[in-house]
Structure formats: C-alpha cells, structure tokens
Amino acid sequence: MPKVLIAEDDLMIADMVEEVLVQGGYEVCGIARTVPEAVALGRLHTPDLAVIDLRLADGGLGTDIVTQLSAMLGVLYATGNVEQLMRLVARGDACIAKPYSSADLLRGLRIVKNIVDTGAASPPFPRGFHVLTPTIGTEHE
C-alpha cells in the first residue's frame with residue numbers, strides 16, 4: 001500500500017483528498033498546511049507519493065516541499081494555478097487542475113506512481129492533467 005503525503009491548506013479539500021485516497025487503497029501519512037509541516041512529515045514518514053497544492057498557508061509554495069523532498073517521492077501537484085506552476089518549471093512528475101473528480105485524482109496518482117516505477121506516463125490522462133517531466137508523456141487538456 002503506497003504511502004501518500006497531502007499538502008493542502010484548505011481543510012475541506014484536504015479531508016476530501018484523504019478520504020478518496022484511503023478508499024482508493026492508499027495510506028495517508030499526514031496532511032500538512034504549510035511547507036515546514038510537509039517537509040517534517042515527509043522526513044518522518046518517507047512517503048512514496050505526494051499530492052501537493054501550489055499555494056499553501058503562510059504564503060508557502062508547494063514547489064519548496066518538492067525541492068527539499070524530491071528524491072524521496074513521486075509528486076502530483078493538485079492546483080488551481082496550473083499556468084503559474086508551469087511557469088515555475090516545477091520539479092515533480094505531474095499536475096492536475098482543480099476542480100478535479102475523485103476518479104481523476106486516483107488516476108493521476110496511478111500515473112505518477114507509474115512514472116516513478118517505470119519512467120513512463122501511460123494514457124488515458126484525466127481532464128486537466130499535465131506531465132511535468134519533459135522527457136516523458138504528453139499533456140492532455
């Protein structure tokens with residue numbers, strides 16, 4: 001059962017993501033609202049994957065989490081700021097645009113796990129999903 005870290009400052013969204021992931025067979029190792037909380041949880045629990053919002057509480061950016069933990073996990077950004085994320089040339093594997101469905105979130109996370117395991121992103125891609133690793137996969141609108 002893959003372990004997942006959630007970095008999301010909106011508590012309603014974070015709770016929904018946790019519920020979807022648990023029902024989808026993942027173990028959630030924690031929910032963080034800030035960059036320091038997420039980094040601490042990541043170092044403590046060594047998750048396999050992370051679902052990370054771009055803008056977090058206290059003005060933090062989810063990309064800062066990835067900079068500190070990227071060697072440890074596969075990253076799916078879940079954000080309403082896809083354009084900004086793309087401009088940042090963010091480290092991570094993929095992103096999915098908010099709002100997204102539960103099925104799209106689970107499919108996106110499976111794709112990220114596949115990227116981590118094999119280096120390949122296999123379609124079908126959910127709506128609003130983008131592969132960030134430039135050498136693999138394609139975008140899907």
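Take G42 and decide whether it is assigned to a loop (DSSP other than H, G, I, E, B) and either of a type outside the set (K, R) or surrounded by fewer than 16 Cβ atoms within 10 Å (Cβ to Cβ) (or both).
Values: assigned to a loop (DSSP other than H, G, I, E, B): no; either of a type outside the set (K, R) or surrounded by fewer than 16 Cβ atoms within 10 Å (Cβ to Cβ) (or both): yes.
Judged against the criteria, G42 is not a match.
Once the range 33-56 is narrowed to residues that are closer than 14 Å to A78 by Cα and aliphatic (A, V, I, L, M), the residue that is modelled with the lowest pLDDT is L54. The residues listed here are G24, G92, G59; of these, the one that is surrounded by 14 or more Cβ atoms within 10 Å (Cβ to Cβ) and more than 15 Å from F129 (Cα to Cα) is G24. Are any residues in the range 106-133 part of a strand (DSSP E or B) and in contact with a Ser or Thr (Cβ under 8 Å, 6 or more places away or on another chain), and if so, which ones? Of everything in the range 106-133, just one residue is part of a strand (DSSP E or B) and in contact with a Ser or Thr (Cβ under 8 Å, 6 or more places away or on another chain), namely V131.
Tell me, please, whether a residue that is closer than 12 Å to L5 by Cα and buried (at least 23 other Cβ atoms within 10 Å of the Cβ) can be found in the range 112-126. No, the range 112-126 has no match at all. S70 meets all of the listed conditions (1) under 21 Å from G108 (Cβ atoms); (2) touching a strand residue (DSSP E or B) at 6+ places or on another chain (Cβ under 8 Å); (3) modelled with pLDDT under 95 but one, namely (2). Within the range 91-105, restricting attention to residues that are touching a Ser or Thr at 6+ places or on another chain (Cβ under 7 Å) and in a loop (DSSP other than H, G, I, E, B), the residue that is nearest to L61 (Cα to Cα) is R91. A Cβ distance below 6 Å, combined with a sequence gap of six or more or placement on separate chains, defines the contacts here; from the range 93-118, residues that are within 19 Å of Q23 (Cα to Cα) reach residues that are assigned to a helix (DSSP H, G or I) in the pairs S102/V20; L105/V20. Suppose we filter L76, L85 for residues that are free of Cβ contacts under 8 Å to residues at least 60 places away in the same chain and not in a strand (DSSP E or B); which single one remains? Just one listed residue meets the conditions, L85.
Being part of a loop (DSSP other than H, G, I, E, B), over 18 Å from H130 (Cα atoms) and either touching a Gly at 6+ places or on another chain (Cβ under 8 Å) or not basic (K, R) (or both) is not true of P36.
The residues in the range 47-67 that are without any contact (Cβ under 8 Å) to a residue 40 or more places away in the chain, in a helix (DSSP H, G or I), at negative phi and more than 11 Å from the chain's Cα centre (by Cα) can be counted, and the count is 2. Search the range 9-33 for residues being in contact with a strand residue (DSSP E or B) (Cβ under 7 Å, 6 or more places away or on another chain) and among the β-branched types (V, I, T), and hand back the single one that is farthest from S102 (Cα to Cα). Result: I31.
The values are calculated or read from the model by the stated rules, or taken from the named source; none is laboratory data. All of these numbers come straight from a predicted model, not from anything done at the bench. Here the Cβ is made from the backbone with ideal geometry for all residues, glycine too, and neighbour counts use every protein chain on show.
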